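Undergrad: The structure's right below; bear with me while I get my questions together.
The values are calculated or read from the model by the stated rules, or taken from the named source; none is laboratory data. Computed from a predicted model, the values in this text were never measured in an experiment. When we count neighbours, we look across all protein chains shown, and the Cβ atoms used for this are built from the backbone with ideal geometry, even at glycine. Accessible surface areas use protein heavy atoms only, side chains included; no ligands, DNA or RNA. Shrake-Rupley method; radii C 1.70, N 1.55, O 1.52, S 1.80 Å.
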Amino acid sequence: MFKKLEGIRYQLIGSYLYAVYFSLLIIALILFFTHSVIQPIWLSVEAIILALIVTSLTLSLVGLYVMFRQGGNVKDRLQELSIFIATLSEGKFNATLLMKESKDEFSTLGHELNDLAHKVKGQVKSLERMAEEKSEYAKQAHLAATVEERQRLARDLHDAVSQQLFALSMMSQATSKIIDEKPEQAKEQVEEISQMALQAQNEMRALLLHLRPVHLSGESLHEGIDRLIEELKQRCSIQFKVDVDSELQLSQAKEEHIFRIAQESLSNALRHANASNIELRIKEKDLIYIYISDDGDGFNLDEQMNAKASYGLNSIKERCEEIGGTFDIKSKHGEGTYIDIRIPK
């Protein structure tokens, strides 16, 4: 009941009664002052009290009726605005508030709400259009990335494996012709053929590793890398030393980026390093530390970063920078390659 008295209708009635009784107080003071100072015959104390009582009752009753009706009208118009706002909050921006033909504050507020609904409706359409465009751009970007990856793999197959197989074919034919006449030279060529075949095999393994799914598929980073290393151990004679912290607390996005970095690094080592040993360490301290090294041939950094074979290194660097990390690489001919990556937690 008391909560109901806090409504706009009763507040208006209260304001009206306050104005009435305050006015009656002023009138009473004037009448008593006139009675005391001027002392007209017709103005007695009884007459003053009677006049105040009659006026108070009349104004109160009439005012209560008028303000109750007027307060109800105000309440109804506020309720219309409240219902309209609730409708907009439900996302129904096509709704329109029908206002009475007047120029009061309620009509002004109603027109402003209608304008706001119209603008929000336009913004929603714009967002929907942007979402559709973003989805289309994502599809196009995925398609472009797929085409680019296929082209790169085709180029790598042509530049590496295809040429090596062609050279193997030519050398094996030449060896078969001199095997009886020049057995020592043929033996040297057979050994060279063996090395070339091994290199071609490493190239194919690296390309297959690159084609391996890049997602962890629900596995932890530790489990995914362990499985990756086990697969590589079964396919090549390289010795792997792996130390990955099993208690890493990382977001899924960072885990997949780090997994892809490790995968790309191993692919590069298989294809280009001619290494016997590869070490991979991932530790968590104040940062995430990733250390990858091999005892392979090494290379000149300035020449390599400008060569076409630097695609893998640039890919690792870009992935590292995407998650706010730093990338440092050291390499020298005959001394292997060392990659040091630091990523914030």
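Undergrad: Go over the candidates L221, L211 one by one and state the one that is under 17 Å from A262 (Cα atoms) and at pLDDT 75 or above.
TA: Answer to the check: L221.
Undergrad: Something else about it: I need every pair where a residue in the stretch 20-46 that is under 29 Å from V66 (Cβ atoms) and open to solvent by 100 Å² or more (accessible area, probe 1.4 Å) has its Cβ under 8 Å from the Cβ of a residue that is of a type outside the set (A, V, I, L, M) and part of a helix (DSSP H, G or I), sequence separation at least 6 or different chains.
TA: Correct list of pairs: Y21/S56.
Undergrad: Follow-up question, since we're still on this one. If the requirement is being open to solvent by less than 20 Å² (accessible area, probe 1.4 Å), more than 26 Å from Q195 (Cα to Cα), in contact (Cβ under 8 Å) with a residue 24 or more places away in the chain and in a strand (DSSP E or B), which of these qualifies: I261, I316, I282, I292?
TA: Going through I261, I316, I282, I292 in turn, just one is open to solvent by less than 20 Å² (accessible area, probe 1.4 Å), more than 26 Å from Q195 (Cα to Cα), in contact (Cβ under 8 Å) with a residue 24 or more places away in the chain and in a strand (DSSP E or B): I282.
Undergrad: Do we find that S107 is under 30 Å from V120 (Cβ atoms), in a helix (DSSP H, G or I), small (G, A, S) and at pLDDT 70 or above in this structure?
TA: yes
Undergrad: Another question, if that's okay. Could we say that V147 is part of a loop (DSSP other than H, G, I, E, B), within 18 Å of G312 (Cα to Cα), open to solvent by less than 80 Å² (accessible area, probe 1.4 Å) and modelled with pLDDT under 75 here?
TA: no
Undergrad: Go through the stretch 55-70 and give me each residue that's open to solvent by 80 Å² or more (accessible area, probe 1.4 Å) and within 19 Å of I27 (Cα to Cα).
TA: Within the stretch 55-70, L57, L61, V62 meet the criteria.
Undergrad: If S135 satisfies every condition in (1) open to solvent by less than 100 Å² (accessible area, probe 1.4 Å); (2) at pLDDT 80 or above but one, which is the exception?
TA: Among (1) open to solvent by less than 100 Å² (accessible area, probe 1.4 Å); (2) at pLDDT 80 or above, S135 violates only (2).
Undergrad: Here is a follow-up. So which residues in the stretch 233-256 are open to solvent by less than 30 Å² (accessible area, probe 1.4 Å), over 27 Å from K285 (Cβ atoms) and touching a strand residue (DSSP E or B) at 6+ places or on another chain (Cβ under 8 Å), if there are any at all?
TA: The answer is I238, and nothing else.
Undergrad: Against the definition (basic (K, R), open to solvent by 100 Å² or more (accessible area, probe 1.4 Å), within 30 Å of R77 (Cβ to Cβ) and at pLDDT 75 or above), how does K119 come out, yes or no?
TA: Judged against the criteria, K119 is a match.
Undergrad: Could we say that Q195 is open to solvent by less than 100 Å² (accessible area, probe 1.4 Å), at pLDDT 65 or above and either more than 30 Å from S89 (Cβ to Cβ) or among the aliphatic types (A, V, I, L, M) (or both) here?
TA: No; evaluated as a whole, the condition is false for this residue.
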